[in-house]
Amino acid sequence: MKRVLINPKETQPLHDGFHFSQANRVGDTIWASGQVGVDDQLAPASGMAVQARLAFEGLKRTLVAAGATLDDVVELTTFHIDLRGELEQFTKVKDEYLPRNYPAWTAVGVTQLALPELRVEIRAVAVAESSKD
């Protein structure tokens, strides 16, 4: 099986500047890099809920480019600056994007992310078409 690098056009500056791919696909398995709550100009949004939505939208875009959907996510790992204080807010947003067939999920509290304003980072593993009947 051959590895395919996934880099939606919107994320090309990250690929070029920081030398990583948004995802790698081998066979039907897709490993998505951490997604954060930044807008199209890469500026962090204000607040956990907005950042979580932007991060899930980035994950969704990356998975679609890789030939999958959020329904195909089998493992979710999230990194939180204030795990205990913001987990309830985050979970509400997560449940909007992953309302059924819940993936395995690990939430980790961390002291910092790539930018000081960031509250959460989301990475995932998906298996393309695993959610289809």
Problem set entry | Tally of residues being over 16 Å from Ala49 (Cα atoms), outside any strand (DSSP E or B) and either touching a residue at least 40 places away in the same chain (Cβ under 8 Å) or in contact with a strand residue (DSSP E or B) (Cβ under 8 Å, 6 or more places away or on another chain) (or both) across the range 102-131 | 9
For this session: Check the range 50-72 and report whether any residue there is within 17 Å of Val93 (Cβ to Cβ), modelled with pLDDT of 95 or more, outside any helix (DSSP H, G or I) and not polar (S, T, N, Q).
Result: no
Problem set entry | Any hit, the range 109-129, residues being buried (at least 21 other Cβ atoms within 10 Å of the Cβ) and basic (Lys, Arg) | yes
Exercise. Hey, any hits in the range 79-101 for a residue that's crowded, with 16+ Cβ neighbours inside 10 Å, among the hydroxyl-bearing types (Ser, Thr, Tyr) and not in a strand (DSSP E or B)?
Worked result: yes
Exercise. Is there a residue being modelled with pLDDT of 95 or more, closer than 24 Å to Arg119 by Cβ and out of contact with any Leu (no Cβ under 6 Å at 6 or more places or on another chain) anywhere in the range 8-19?
Worked result: no
For this session: List the number of the failed condition for Glu75; all other conditions in (1) in contact with an Asp or Glu (Cβ under 7 Å, 6 or more places away or on another chain); (2) closer than 22 Å to Val127 by Cα hold.
Result: (1)
Exercise. How many of the residues making up the range 1-40 are farther than 20 Å from Thr69 by Cα, outside any loop (DSSP other than H, G, I, E, B) and not acidic (Asp, Glu)?
Worked result: 7
For this session: Considering only the range 13-49, state which residues are surrounded by fewer than 16 Cβ atoms within 10 Å (Cβ to Cβ), free of Cβ contacts under 8 Å to residues at least 60 places away in the same chain and either within 14 Å of Arg3 (Cβ to Cβ) or basic (Lys, Arg) (or both).
Result: Phe20, Val26, Gly27
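The values are calculated or read from the model by the stated rules, or taken from the named source; none is laboratory data. Just so you know, these numbers come straight off a predicted model, no measurement behind them. Neighbour counts are summed over all protein chains in view; Cβ atoms, including those assigned to glycine, are modelled from backbone coordinates with ideal geometry.
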